[in-house]
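Below you'll find the structure, written out as structure tokens, and then a few comments.
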Amino acid sequence: MNLDITHDFTNSRFCTLVDGHLCVLTYLLNGKTASYDHTGVPEAVGGRGIAAALTKFALDTARKEGWKVVPRCSYVDIYIRRHPEYADVVAK
């Protein structure tokens, strides 16, 4: 799925609009540690891989920015477990 995902730094979220529905991954940043706390994809557009695309974008951003991620959102935690190539961005 090719989505136009943006990093809304002011509101601490990654977001995309799909069929008029706002899909987000929110976080809290403390120094260089980002707690990824919620992935929200409305049911109307669920099942299309949107949460996975948001999570990949967010983890790639963390790597680029030098952040360490605390996966407080269960979806993000499972995604990282399934994609061990992101283990380096997880806070120990």
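None of the figures in this text is laboratory data; all of them are computed from the coordinates on show. Since this is a predicted model, take the numbers as computed values, not measurements. A quick note on method: Cβ atoms are made from the backbone with ideal geometry, for glycine too, and the neighbour counts reach across all protein chains shown.
Being more than 9 Å from the chain's Cα centre (by Cα) and assigned to a helix (DSSP H, G or I) is the requirement here; does Ala44 meet it? Judged against the criteria, Ala44 is a match. If you take the residues of the stretch 29-59 that are without any contact (Cβ under 8 Å) to a residue 40 or more places away in the chain, among the hydrophobic types (A, V, I, L, M, F, W, C) and within 24 Å of Glu85 (Cβ to Cβ), which of them is surrounded by the most Cβ atoms within 10 Å (Cβ to Cβ)? That would be Leu59.
Just one residue in the set Leu25, Leu54 is assigned to a helix (DSSP H, G or I), under 12 Å from the mean Cα position of the chain (by Cα) and among the hydrophobic types (A, V, I, L, M, F, W, C); that residue is Leu54.
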